[in-house]
Each structure stands twice: as structure tokens, then as C-alpha cells.
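Peer 1: Here it is: the structure, laid out below.
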Amino acid sequence: MKTKTIYACQNCGFTAPRWSGKCPSCGEWNTMTEETQVKESAATSRRVLPENRTTTRQKPVLLDEIVQNNEERIMTGIVELDRVLGGGIMRGSITLVGGDPGIGKSTLMLQMCARLSGEQPLYVTGEESLQQIKSRASRLGLDFTGLRVLAETNAEEIVEAMRSPEAGVIIADSIQTMFRPAIESAPGSVAQVRESAALLMQAAKTLHKPVFLVGHVTKEGTIAGPKVLEHIVDTVLQFEGERIYSYRILRAAKNRYGSTNEIGVFEMSEDGLREVSNPSEVFLSQRNAGESGTAVVAAMEGSRPLLVEVQALVTPTSYNVPQRSATGLDYRRLQMILAVLEKRLGLALGKHDVFVNIAGGLRLDDPAVDLGVAAAIVSSFRDVAIQAETVLIGEIGLTGEVRAVVSIEQRVNEAQKLGFTTILLPEANMKRFNKGSTTHLKPAERILQALLSVVGE
Ligand code: TYD
Ligand code: MG
């Protein structure tokens, strides 16, 4: 193995042969630090290639002749996790589980191990002692038959442990503590994170065993040693949530083996993470129905509809420039909605501060929540509450039209299932419903007409 010195940006992972004060890639200052890069000799890199992949030329095969192997997936039995993974764990895959410290990554991985007793899980810890793992496991009160634990941070030693037939599914917690001895920089540096992950990735592929890497997210919201890691791994799962709320959302930021739209919902409790299979009920359970400034929207998270409360607070501003704040919602989307409300409804929002918040610490990127956001804002502005059994669905266009949205049946079904009796939806979506089944449905064509019907005097 040969090593050479390079300079790596600790922010974006860009590497250069020479030092510079400013990273040529991301433009950050003073982030380039000296690191050693391992150059595998041609012989070593050929040795780590999987048996079915050689450097010699491959022959094309007929797609019809490829036998599909349904044994490739390991179901964890944690429905919320299996769904986000794309239908269980793919053998030989490498998954990065990222999230803020304390959000519950280690807990999730340990609970997964409890479900994998037949698969010989191996939990490698670089952060906690074996005693700490033991006490956490006892607190969870689960059956950990078959789980092996190893305190190790040397990635090469971990690969050795992975070769054992007693290691079937490997969890490395966390990748920031792992290192390769040949590299001089400290654990947690871009070079160490990248090289350790690359080594574990090769081992996952050659040994055909799935590996989970736990990674802490930096305050900028990226996983330390960031982009490089995302390129290496097959799947990136983000574990999110506000620490003050007990809900946790698991989403796939990248998935070679499934969709990136699915989310898993959990609740952190005294005895670990609980699956939330009816998220709408949970997110609506602390609703402030009857208060002005709140509206219920029906958003799609992957294939699941989710009813959530939107809260808005509109107050006269005491500054020259009014404040706007969006939590759980795209800021520019909020500005667009405010501009439409000013122009099409003549609302004088320019002299008001506007705060919008999605309840429960969720983040919604679905444009179908526009109408509900607008309604919450108008409701707070006028101090008129929206009738409690109302759900609003619709995207707002720049001319003030209510635009059709996708998956309308699922959204409406979910609202009806939870007892909502007034469902505002885009006129253009109405043709999806039979004449007989439209008693609760109120079609809306223009935002003015729609909002007058829910917050008009
Ligand atoms: P942890 O899984 O250690 O987070 P991470 O690995 O992402 O840093 O979760 C730690 C937090 O979860 C900690 O604040 C305590 C809390 N927790 C519970 O509330 N209940 C439990 O049963 C467990 C195990 C942890
Ligand atoms: Mg942890």
C-alpha cells in the first residue's frame, strides 16, 4: 500500500494536490487540511473485487435469463424501517444511517438487532463501552439472543471480524470513530471517514453481508465527511426530529434498492422507539381545533397520506421590515403564498410578521399543503377560526388558482377515515370522484372563493 499527501476540504470533501485558503469547490475558507490518501496497488484492488466482477470484459446477458433472487432481502420486521429500506435489508448493501447526536440512531440499530437474531447481527461500537450497550439493551427489554457486540474502531479489524460466519449483519457505530492505521489524520476527518467507509463497503460487497454505518450529522446538516460518503454507500437514511418532540422520522435521502419517497414514523418512549403506524392520528392528537391560525392539510409522504396541522401567527410588525419564518416548510414557498394573498385577496401583509409552523416537527415539501397554509395565515390575520372538521387540499398558482394535486383519492380517504366532514379540494380533481360519494367534498377553483368559504365572516 502506498500513501500520498493530499489536501481535503473538511466541508465538502473536495481534494486537491496543493493547499489553498479557500476551497475551490464549495468556496469555504480555511477548510483545506493535509491528509494522507491510501493508494491501493493494482494487485490489492483486484483482490478485493467480488468474485463475480473481474477486470476482464463482461458478456451481455439476456434480461430474461437472469434469475431473480428473492432471498436477497432480510426483513427486519420493523415495518417502518423495512418500508424505508425499500422492502427490507438488501444482502451485501451498505447503508448510512445519519442524524443529529441523540436522535436515536443507536437505539434504532439495537432494536433492529433484536429482530435479526437468526441473521447473526454484529454490533461494532466505537462510541460506547460494552457495559453501556448492555445497559441500554436491558433498558429496551428486548430479546437479544444471537447478538454479538464488539468494541473496535480499527476498520481493518472490523473487516476481519466480518469474515466470521458468526457475523451476518454488521452495524458500525459510528463511522466517525473508525480509522485505518495507514492514514495519519485523526478519526472523524474526511480522509479517515472516507477510507474506513470504503473498506467496509468493499467487505460488504465481497462477503455479501449487509453493513450499516451510523454517522453523526454536522450542524450544517451534512454527514461529516459528507458527499464522499453519500457516493460510496448504497442507501442513505436520515433520522430526523426535533429533540423537544418525541416523534422521529426516518427517510431515505438516497436508495439504490428502493424509493426515496417513503418515510418511517417512530416515537421515542421510555422503552425505546415505537413504530407509529397511524401517523395522522398522532400528529393531530395535540391539535388546537377551534383556535384561529390553524388548519389541517393532507400531505403525501411517499405512498402514505398524512394529515397534519399547520399553524400560523400573523401579528402587526414593530420593525421596518416584517419578519417571516417558516418551520417545516420551504421559506420561498411561504413567500410565494404571501405574495398571492396580498395580490389576489388584497391582504395587507406587508405590515405584519408572519410565522408558519408545521406541527409535530415534521417537514412537508408537498405543494398540496399550500391551500391549508394560506387558510391558516388568513385565519390568524382575521382572527377567525376554521371549522374543526375541515381539511384543505390544493396547490396555489401565481394567479390565485387552486391547482390539481396527485394522489387525491388517498388524501380524501385518509381525511374521511379520521372523521373530517368538510374536505376542500381542487375543482380539477373532482372528476376522480363519483357523483354519489361527494357529500363531504367542496371543490375550489380560486383561492379567494376557497378561503372565503372557510374563514369568511
Ligand atoms: P441514541 O440512540 O443514543 O442516539 P444517537 O445514537 O442518535 O446519538 O438515543 C439517545 C436518546 O434517546 C437519549 O437522549 C435518550 C433517549 N432514549 C429514550 O428516550 N428511551 C430509550 O429507551 C432509549 C434507549 C433512549
Ligand atoms: Mg449513538
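The values are calculated or read from the model by the stated rules, or taken from the named source; none is laboratory data. None of the values given here were measured: they were computed from a predicted structure. A quick note on method: Cβ atoms are made from the backbone with ideal geometry, for glycine too, and the neighbour counts reach across all protein chains shown. The accessibility values were calculated without ligands, DNA or RNA, using every heavy atom of the protein model including side chains. Shrake-Rupley method; radii C 1.70, N 1.55, O 1.52, S 1.80 Å.
Peer 1: Name the shape class, rounded, prolate or oblate, that the alpha-carbon gyration tensor gives for segment 261-313, where a ≥ b ≥ c are the square roots of its eigenvalues, rounded holds for a/c under 1.5, and otherwise prolate holds if a/b is larger than b/c and oblate otherwise. Write out the running numbers ahead of the final one.
Peer 2: Values: a/c = 2.90, a/b = 1.44, b/c = 2.01.
Since a/c reaches 1.5 but b/c is at least a/b, the shape of segment 261-313 is classed as oblate.
Peer 1: Each residue of segment 124-134 in order: what ³J(HN,Hα) in whole Hz does its phi give by Karplus 6.51 cos²θ - 1.76 cosθ + 1.60, θ = phi - 60°, with x for Gly and Pro?
Peer 2: Each residue of segment 124-134 in turn: 9, 10, x, 10, 10, 6, 4, 4, 5, 5, 4 Hz.
Peer 1: So what's segment 76-193 giving for Rg/Rh, alpha carbon basis, Kirkwood Rh from the mean inverse pair distance? Write down the numbers at each step before the final one.
Peer 2: Details: Rg = 14.3 Å, Rh = 15.0 Å.
Dividing the radius of gyration by the Kirkwood radius yields 0.95.
Peer 1: Also, quick follow-up: For the chain, give the magnitude of the charge dipole about the Cα centre (Cβ charges: +1 Lys/Arg, -1 Asp/Glu; no others), in debye to the nearest 20.
Peer 2: Details: 50 positive and 53 negative charges, 215 e Å.
For the chain, the charge dipole is close to 1040 debye.
Peer 1: Students often forget the sequence filter, so: which lysines lie under 22 Å Cα-Cα from LYS4 once same-chain residues fewer than 8 apart are removed?
Peer 2: Those lysines meeting the cut-off are LYS22, LYS39, LYS227.
Peer 1: List the residues whose amide H sits under 5 Å from the amide H of SER93, counting only those 5 or more places along or on another chain, with H placed 1.01 Å from N in the peptide plane.
Peer 2: VAL211
Peer 1: Another question about this same structure. With every protein chain left in place, what is the accessible area per residue of segment 262-336 in square angstrom, probe 1.4 Å?
Peer 2: On the way: 3500 Å² over 75 residues.
Dividing the accessible area of segment 262-336 by its residue count gives 47 Å².
Peer 1: If packing is taken as the average number of other Cβ atoms within 10 Å across a peptide's residues, how do 422-431, 131-140 rank, most packed first? Each step should come with its number before you reach the end.
Peer 2: On the way: 422-431: 20.0, 131-140: 14.2.
Ranking the peptides 422-431, 131-140 by packing returns 422-431, 131-140.
Peer 1: Moving on to the next point. Show the residues, 5+ positions off or on another chain, whose built amide H is closer than 5 Å to the amide H of THR31.
Peer 2: CYS23
Peer 1: So how tilted is helix 408-417 from the main axis of the chain? Cα-based, degrees 0 to 90, rounded to 10.
Peer 2: Tilt relative to the chain: about 80 degrees.
Peer 1: Which of the cysteines in the chain are isolated, no other cysteine C-beta under 4.7 Å?
Peer 2: Within the chain, the cysteines lacking a partner Cβ under 4.7 Å are CYS113.
Peer 1: Additional query: So which aspartates and glutamates pass the test for LYS417, namely a Cα distance under 17 Å, with those fewer than 8 places away in the same chain ruled out?
Peer 2: Hits, sequence-local ones excluded: GLU281, GLU309, GLU389, GLU409.
Peer 1: By per-residue mean of other Cβ atoms within 10 Å, what is the highest-first order of 104-116, 4-16, 142-154?
Peer 2: On the way: 104-116: 22.3, 4-16: 18.3, 142-154: 16.2.
Descending mean neighbour count gives 104-116, 4-16, 142-154.
Peer 1: What base-10 log of the normalised intensity I(q)/I(0) is obtained for segment 282-454 from the Debye formula, alpha carbons as equal point scatterers, at q = 0.19 Å⁻¹?
Peer 2: -1.24
Peer 1: Restrict the search to segment 265-370; then list the chymotrypsin sites (Phe, Trp or Tyr not before Pro) that DSSP places in a loop and that have at most 12 other Cβ atoms within 10 Å of their Cβ. Numbers along the way, then the final one.
Peer 2: Values: sites: PHE266, PHE283, TYR319, TYR331, PHE355; in loops: TYR319.
Taking segment 265-370 and a limit of 12 other Cβ atoms within 10 Å, the loop chymotrypsin sites (Phe, Trp or Tyr not before Pro) found are TYR319.
Peer 1: With the calculation restricted to Cα positions, what are the radius of gyration and Dmax of the chain in angstrom?
Peer 2: Answer for the chain, Rg first and Dmax second: 25.7, 79 Å.
Peer 1: Can you list, bin by bin at 5 Å, the percent of alpha carbon pairs in segment 74-275, starting at 0?
Peer 2: P(r) for segment 74-275, in whole percents per bin: 1, 8, 17, 22, 23, 17, 9, 2, 0.
Peer 1: Quick one: what are the phi-derived ³J(HN,Hα) couplings along segment 258-268, Karplus 6.51/-1.76/1.60 with θ = phi - 60°, whole Hz, x for glycine and proline?
Peer 2: x, 7, 9, 8, 6, 10, x, 10, 10, 10, 7
Peer 1: Using 0.36 nm times the number of residues separating GLU242 and GLU160, minus their current alpha carbon distance, what extension gain do you get? Working shown, then result.
Peer 2: Working: separation 82, 0.36 × 82 = 29.52 nm, distance 3.79 nm.
Gain on extension, GLU242 to GLU160, equals 25.7 nm.
Peer 1: What is the Cα centroid distance between segment 113-139 and segment 241-280, reported in whole angstrom?
Peer 2: Rounded to whole Å, the Cα centres lie 21 Å apart.
Peer 1: May I pose another question? Whose amide H sits under 5 Å from the amide H of ALA326, counting only residues 5 or more places off or on another chain, with H placed in the peptide plane?
Peer 2: Distant-sequence amide H within range of ALA326: VAL356.
Peer 1: Let me ask another. Per residue, how much accessible area does segment 108-220 have with a 1.4 Å probe, in Å²?
Peer 2: Numbers: 4560 Å² over 113 residues.
Result: 40 Å² per residue.
Peer 1: Please figure out what share of the DSSP beta bridges in the chain is antiparallel and state it in percent, rounded to the nearest 5. Let's see the in-between values first.
Peer 2: On the way: 47 of 85 bridges.
That works out to approximately 55 percent antiparallel.
Peer 1: Another question, then. Taking the alpha-carbon centroid of each part, what is the distance from segment 341-402 to segment 143-187 in angstrom?
Peer 2: 49
Peer 1: Let me ask another. In Å², and per residue, what accessible area does segment 381-457 have when probed at 1.4 Å with the other protein chains present?
Peer 2: Values: 4010 Å² over 77 residues.
That works out to 52 Å² for each residue.
Peer 1: Mind giving me the FRET efficiency for ALA289 and THR327? R0 is 30 Å, r the Cβ-Cβ distance, nearest 0.05 is fine. Mind dumping the intermediate values first?
Peer 2: Details: r = 20 Å, r/R0 = 0.68.
The computed FRET efficiency comes out at 0.90.
Peer 1: With labels modelled as points extended 7 Å from the Cα through the Cβ direction, what inter-label distance (nm, one decimal) is found for ARG382 paired with MET336?
Peer 2: With each label point 7 Å from Cα toward Cβ, the separation is 2.4 nm.
Peer 1: Let me ask something else about it. Computing the accessible area with a 1.4 Å probe over protein heavy atoms, can you report the carbon and sulfur percentage for the chain? Spell out each step's value before the answer.
Peer 2: Values: 10760 of 21930 Å².
The nonpolar share, carbon plus sulfur, comes to 49 percent.
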